[in-house]
1. Per the helix-only calculation at 222 nm, which mean residue ellipticity applies to chain C, given -39500 (n - 2.57) for every DSSP H run of n ≥ 4 and division by its residues, nearest 500 deg cm²/dmol?
2. Taking each residue in C:289-297, count the Cβ atoms of any other chain within 10 Å of its Cβ, then average. What number comes out?
3. Using Cα atoms only, what is the angle between the long axis of helix C:186-196 and the major principal axis of chain C, expressed in degrees (0 to 90) to the nearest 10?
4. Diagonalise the Cα gyration tensor of the protein assembly as shown and give the resulting equivalent ellipsoid semi-axes, square root of 5 times each eigenvalue, largest first, whole Å.
5. Taking the Kirkwood radius as the inverse of the mean 1/r across Cα pairs, report the Rg/Rh of segment B:52-176.
6. What FRET efficiency, computed as 1/(1 + (r/R0)^6) with R0 = 30 Å and r the Cβ-Cβ distance, is obtained for residue B:92 and residue A:127, rounded to the nearest 0.05?
7. Among C:222-235, C:111-124, B:202-215, B:162-175, how do they line up by average Cβ neighbours within 10 Å per residue, starting with the highest?
8. Output needed for segment C:48-242: three equivalent-ellipsoid semi-axes, defined as square roots of 5 times the C-alpha gyration tensor eigenvalues, in descending order, whole Å.
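Read the figures in this text as sums done on the coordinates, not as results from a lab. Model, not experiment: these values are computed from the prediction. Positions of Cβ are generated from backbone atoms using ideal geometry, with glycine treated the same way; all protein chains shown enter the neighbour counts.
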C-alpha cells in the first residue's frame, strides 16, 4: 500500500496542520523530561514518533491528550487551542488516544468498554449502538466476545478493543502508543494494516512505535525523540535511509 | 429455634440500614480510595432533615402518606446535595495531597456535622412521629411487624435500583470504569470530577434513606447516631470487600445478623467485640474481604 | 525559609529550643494551676503524638486505635498499683511489656492487609480494648479504677500540678530521645523506605513484614508509657478516656503537625491541646469551631504545619579502608549460578511468558533483548519473587526459588533495579544506598538506640561502605541530595548503587540506559564492566544495541513470551529470526498487508 500524499487544509492565510505542537516543556516534579518538543501532523497523514525507551514519547502523547500538565508550550488541534484543556475535553475536540499498555477496563465486558468509548454520545443511544455495531464489523473477533470480561481477552484482542474504543467518537486524530507491544509478529502486521485502513477513512494518525522499521513503512513523516528533544525529522523514507536512524533503531 | 428466627428478622431489618450506608462507603472508596468518615454523619443529617419536615407538616392537614413522601424527598435530595458539597469543599482540593490529610478533613467534616446538629437540635433524643405502629403477623411463632417488612422491602428495592443504575446506565458504567483506571476513563471523555460528585450524591442519598427509616423504625434520633451506625456500616463494607457494591450489600445484612445474634445469644454489651473479632478473623483469612475488592493492583 | 543557609537555620533551631526550654521551666513558677494543667495535657499529647508518629509518620501505616495502647499502659499501671501494690516505678516495665505484646497482637493480623484495611482493623482493636475495660469487673467497669497512688521519688510525692508537670516533661524528653535515635537507626530508614515504596523496599531486601510489626511494637511502647503517666497524673482512670475520638485526636496531632516531623508533632500537640482552651469563649460553638479550623488548616497546609524535612547532613566518613570486591568470586568463575527451567506466567488472558529456559554462569554479563512486551521484565519479576511464576522452576545457587519473599531472594544474593525507576524519592541519595545495605548491617538496634561505642564503630564502617558505593557509581557529590530531584541518568546509577549495597552475587538491571544520553550510556558501559570486575554477575534487559553489543558476553532474545535465540553478540546480530522479530521484516509485511488481516484476527 503506497502512502497517500498528505492533504493540507489552509486556515486563513497560514497553512496549519491538523495538529500543531510548539515548544512543549514538561516536568515531573523538579526533573524536566521534555525540553521543547515541536511537531506537526497534517490532515490525512500518518506520522511516526520514534525514540528509545525513556526518551519521552509516552509523556509527549499524554501531554497532548491532557493527562499531563505542561510547563510551557502550545498545542493546537484543527485550529482550536487545546493546550490547557482537561483530558475529557480534549477527547471531545477530536483527539482519540490509545494508551500504552492498552488500559482497557478489565472487569467490564467488551461491549461495556466499547460503549464507554462513545460516552460523549450517551444522549443518543441509537448512535452509540450503531457505532458499536460498526466496531464489530471492523473487528468481528470482538463481536464474538462481546459479553466476555475484557480482562480475559488475549493481548491482541485487548489491543483491538483499545483501538475500537478510541474510534467510537470518530476522532480527527488518533494517537497510538506502542500498539504492537507484546504481540506476535503476524498480529503486528495486522495492527499496522488496520492503522492504514483507519487513515484511509480520513483519520490522521500519530504513532509512537518501538518497531521503527514497521512504523516507517506506513508513515508519511517521522520524528525521532532523544532525551526529551526532537533530534531528527523528515519524510519516513528519508529517515529509513538515514544512517543515524539505521544505526540506532534499525539495527544498522 | 424460634428465637433464632426472631433474631434473624431483627438482624435483616437493621442489616438493610447498614447495607444502604455501607454502599456509600464502598462507592466512594472504589472511586477515590477515601474512607469517607463523614458518611455516617450524612446518614444522621438525613434523619434530622426528615424529622424537621415531618414535624413541620404535622401541623398541617396533609395526609400522612403524602407528608412522609415530602419528608423523604426533601431529606434525600438535601442530603445528596450535602454529600456533593462535602466533596467539593473538603475532598476535591486534596485529591493530590498525601492520603492522610484528606482523611483528616473527612474527620473534620464528621466532627463539624455532629457539632453543627448538636448546636441546632441540642444533645437530647428527638422523637420521630409514631407512624408505623407495632402491628404485624406471626409465622410459626416468629413475630414480624409490618414496619420491619416495609423497611426490608424498601432497603432491597433501593439496592436493586442502585444495581440497575450502576450496571445499566452510562453514568454507572463510567463509575465502574473510573474505579479501574482514572486516566483511561478521562480518555473516554468522562468528566471524572463530575462522576465523583454523582457518586457522592447517590451514596448520601442512600444514607439519608437509611437515616429516615431508622428514625421511623426506632422513633428516636440524636446527633451521635451516625457515629455508631457509620462504624458498623464501614465494617460491613470492609467485610464484603471494600469497593465491591454487591459485597457491601451482603456485608451490611451479615453485620446486621451478627449483631442481632450477638446481642441475642451472648450479650448486647459484647456485640461490638463480637462483630470486630469476626471482621478481623475474616480479614486474616481473606485479606480482601469476603467477596474480594474491585481493585486492579498494578505493578 | 526553604532557601535559608543551613548554619543560620541550625542557629534559629537552637534558639527556638532554648526559648521553649526556658518557657517550659519558668511556666510552673508563674502560671496558675489551670494553665499548668493545660500544659500537662499538651505534653501528654506530645508523647502520644511522637509514638503514633512512628506508626503513621515513619512507617506510613494508618492507625485509628492508638488509644488502645494508651489504655493498656494506664490500666496496667493502675491495676498493678491497686491490686498488687507495686510502686509507680515498678509498674513501668510490666506495663511497657504489655503494651509491646499488644502491639504484636494488633500488628500481626494486619501485616498482610492493604493499608486501607488497617483503618478498620486498628479501629476495631481500639474499640475492643475499650469495651473490655468497660465490661470487666476487674477493671472497674464503667467506673474505672480510682485511688491510684501518686508516684513517690526519694520520699517526695509527685502529686501537685507543678511536680506532675515536671514528671511529664521527663517522660517527654525520654520519648523524644528514643524516637530520635530510632528514626536515625537502620529500622527508622526501613520504615521510611516502606512508606515511600513498599514493593521496592521488599525487592531490595527490606523484610517489610517484620519492619511493619516493629513499627506497631515501638509505637505501642510509647503509647503505653504515656498511659502510665496518665494514670499517675489523675489517680483515677475510666474507659471514657480511651475512646475512638481519643485515637482520632492523636492522629490529628500527627497529621496536623506534619507526619514524620518531630517538631511538627510537638506543634500539633500544642494546637490540639491548647486551641480548644483558647476557643473557650466560643462556648457551645467551640467543638464546631475546632472542626472547621481543622478542615481549613488541612486545606491550606495539606503537608501539615511543620512538614518533615529531608536531612541534608551527610555523615559519610572519609577513610578509605575496605574494598567493594567480593572475595573468592574469581575462583568460581564459569560455574552455574542461575538456572531457569520452562518458566511461564499468565496475566488474565495474556500469556506474558511461555516456557523460558536459560542458564547464567558466574562472572558473565548476559543481556536479554526483545521488543517491549516480550515478557523480559516479567521474567525478572519471577526471578526476584515480586510475582509468582505460573509454571516452571528457578534454581539460584542450587536453591529453588519461585515462592520466596523478595527480601529472602535478595539475602541469598540476587539483587535488582527497576525499569521505571523506583528509588525512595523523599530520601537522600546516601539514605537510599543505606537502605539497600542495611539488611547486612551487623549492629544491634539496642546498640544504636543507646549509642554504644561498638554500634558507633559499626555504623561508621557501614557509612564508609556507603560512600565507596556512591563513589563507585560516580555519585559521591550527590550523596546529600533528594533522590527524586536527581537527573534521570543519576537516578539510574543510584538505583544500581542501592542494589549493590545488598552485596549481590547476581545483579539484574532492567533497562539501565533508558532515558540516558549517549555520553551517559558510554559511561554506563564502563560501570557495568566495573560491576562484573567486582565479582558480581550481571544480567541486563536493554534495548540500546550499542550498549548490548558492547558489554555482553552472551545475548538472549525474547519475543512474544518465548526465547527465540541465544548466543554471542556477533552471532545474534546475524541471526535472521532475531532480525525478523526484533526489527520487523519488510517482505512479509507487503504480502500480508490489507487482504489477510480479517482472517488473522480470527485465528
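1. Using -39500 (n - 2.57) per qualifying helix, the result is -17500 deg cm²/dmol.
2. What the average comes to for C:289-297 is 6.
3. Between helix and principal axis, roughly 70 degrees.
4. Listed largest to smallest, the semi-axes of the protein assembly as shown are 53, 41, 27 Å.
5. With Rh from the inverse mean 1/r over Cα pairs, Rg/Rh is 1.06.
6. 0.40
7. The peptides rank, most packed first, as B:202-215, C:222-235, C:111-124, B:162-175.
8. 31, 20, 12
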